[in-house]
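In what follows, a structure is listed as structure tokens, so that the remarks can point back to it.
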Amino acid sequence: VRVTFTPIHRREGGIAGTIAVLQDVTEQENLEASRREFVANVSHELRTPLTTIKSYAEALDDGAMEDPQLAGRFVGVIRSETERMIRLVTDLLHLSRLDSREAQLRYQETDIAEMLEDVADRFSFQIRQKRISIRTIVRRDISTAWLDRDQIDQVLGNLVSNALKYTSEGGSIEIEAGRNSEGMLEISVRDSGIGIPKKDIERIFERFYRVDKARSRNMGGTGLGLSIAREIVKAHGGAISLQSELNKGSKVTFTLPLEKQRRDGA
Ligand code: ADP
């Protein structure tokens with residue numbers, strides 16, 4: 001609570017009294033703190049690849065260029081760090097567009113079965129490589145829905161990509177769609193992977209929050225996938241949640257209205 005005192009002066013001099021204003025500023029302060037944290041995170045995430053690129057470029061300059069094998073490896077690192085930065089900046093731009101509500105949703109009637117098959121196909125190479133079995137199930141109570149196909153493709157892509165990243169060889173992934181008790185479209189992506197510790201589940205949709213930063217980075221993660229998914233689902237008027245058990249697996253479920261929705265407040 002912020003308290004401000006304003007004295008009331010008498011025309012003839014002296015003070016007649018004081019006005020005290022009590023203002024609840026917790027929300028403002030929380031917002032400001034999370035904004036500061038976000039900027040610090042962005043700076044750090046951008047600085048890390050830049051530092052790596054700089055040192056590898058210097059090593060090349062200092063003679064590594066003469067050794068073709070070494071030079072090839074160093075250029076490879078520079079390239080993959082550059083790609084990480086591009087991914088990060090692309091994700092940040094997408095988030096900022098969703099934040100400013102600039103991104104108009106382009107609704108189209110979408111065949112759910114086809115959409116799920118499509119996302120599974122997109123990952124078929126990595127799925128085969130890791131010998132993971134994938135299954136898509138569309139319950140009989142659903143066939144089509146109005147949604148922004150590109151955006152929901154990205155949500156599904158982020159979820160399946162996580163399921164793949166955090167599931168070891170030979171595991172399984174299941175994508176299921178149906179109608180929930182409130183009459184909304186409900187889609188879930190379940191994996192038999194490493195799971196998420198209880199204490200982290202609550203914060204997992206926050207920007208840059210990861211269970212294991214180093215591991216996520218090695219896997220090429222930006223730490224923004226789930227927060228982007230949440231913003232897209234919210235823009236549609238739905239909700240997203242995660243259930244997980246350590247060393248057993250995780251399940252992310254999101255809901256979407258079946259009909260076109262206007263954004264809250266719109
Ligand atoms: P990242 O780019 O790091 O994957 P996300 O926002 O997509 O970022 O996910 C945040 C964190 O949540 C990940 O770093 C990981 O620790 C955890 N996570 C997300 N999905 C899964 C999953 N299916 N299984 C286990 N952990 C997961």
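The values are calculated or read from the model by the stated rules, or taken from the named source; none is laboratory data. The shown structure was predicted, so the numbers you read here are calculated from the model rather than taken from an experiment. Ideal geometry is used to build each Cβ from the backbone, glycine not excepted, and the neighbour counts take in all protein chains shown. Just the protein is used for accessible areas: all its heavy atoms, side chains included, with ligands, DNA and RNA removed. Shrake-Rupley method; radii C 1.70, N 1.55, O 1.52, S 1.80 Å.
Structure values in brief
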{"quantity": "In the range 1-38, the residues that are more than 30 Å from Phe208 (Cβ to Cβ) and out of contact with any strand residue (DSSP E or B) (no Cβ under 8 Å at 6 or more places or on another chain)", "calculated": "Arg11, Glu12, Gly13, Gly14"}
{"quantity": "Lone unmet requirement of (1) open to solvent by 90 Å² or more (accessible area, probe 1.4 Å); (2) within 20 Å of Val89 (Cβ to Cβ); (3) hydrophobic (A, V, I, L, M, F, W, C) for Leu46", "calculated": "(1)"}
{"quantity": "Selected residue (criterion: surrounded by the most Cβ atoms within 10 Å (Cβ to Cβ)) from residues of the range 143-158 that are outside any strand (DSSP E or B) and free of Cβ contacts under 8 Å to residues at least 60 places away in the same chain", "calculated": "Leu156"}
{"quantity": "Hits in the range 4-20 - residues which are open to solvent by 70 Å² or more (accessible area, probe 1.4 Å) and not aromatic (Phe, Trp, Tyr)", "calculated": "Thr6, Ile8, His9, Arg10, Arg11, Glu12, Ile15, Thr18, Ile19"}
{"quantity": "Meets criteria (more than 15 Å from the ligand (Cβ to nearest atom), over 30 Å from Val39 (Cα atoms), under 19 Å from the mean Cα position of the chain (by Cα) and modelled with pLDDT of 95 or more) for Arg149", "calculated": "yes"}
{"quantity": "Selection status of Arg210, basic (Lys, Arg) and near the ligand (Cβ under 8 Å from one of its atoms)", "calculated": "yes"}
{"quantity": "Within the range 201-212, tally of residues that are assigned to a helix (DSSP H, G or I) and loosely packed, with under 15 Cβ neighbours inside 10 Å", "calculated": "0"}
{"quantity": "Pairs, first free of Cβ contacts under 8 Å to residues at least 24 places away in the same chain in the range 206-229, second more than 6 Å from the ligand (Cβ to nearest atom), C-beta under 6 Å, six or more apart", "calculated": "Tyr209/Arg203; Val211/Asp200"}
{"quantity": "Identity of the residue in the range 224-250, near the ligand (Cβ under 10 Å from one of its atoms) and aliphatic (A, V, I, L, M), that ends up surrounded by the fewest Cβ atoms within 10 Å (Cβ to Cβ)", "calculated": "Leu246"}
{"quantity": "In the range 159-198, residue farthest from the chain's Cα centre (by Cα) [restricted to those that are within 16 Å of the ligand (Cβ to nearest atom), open to solvent by 40 Å² or more (accessible area, probe 1.4 Å) and under 21 Å from Ile112 (Cβ atoms)]", "calculated": "Glu176"}
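Residues checked against (1) modelled with pLDDT under 95; (2) more than 22 Å from the chain's Cα centre (by Cα); (3) closer than 30 Å to Ile173 by Cα:
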| position | (1), (2), (3) |
| --- | --- |
| Glu66 | no, yes, no |
| Arg73 | no, yes, no |
| Arg97 | yes, no, no |
| Ser100 | yes, no, no |
| Ala103 | yes, no, no |
| Arg106 | yes, no, yes |
| Glu114 | no, yes, yes |
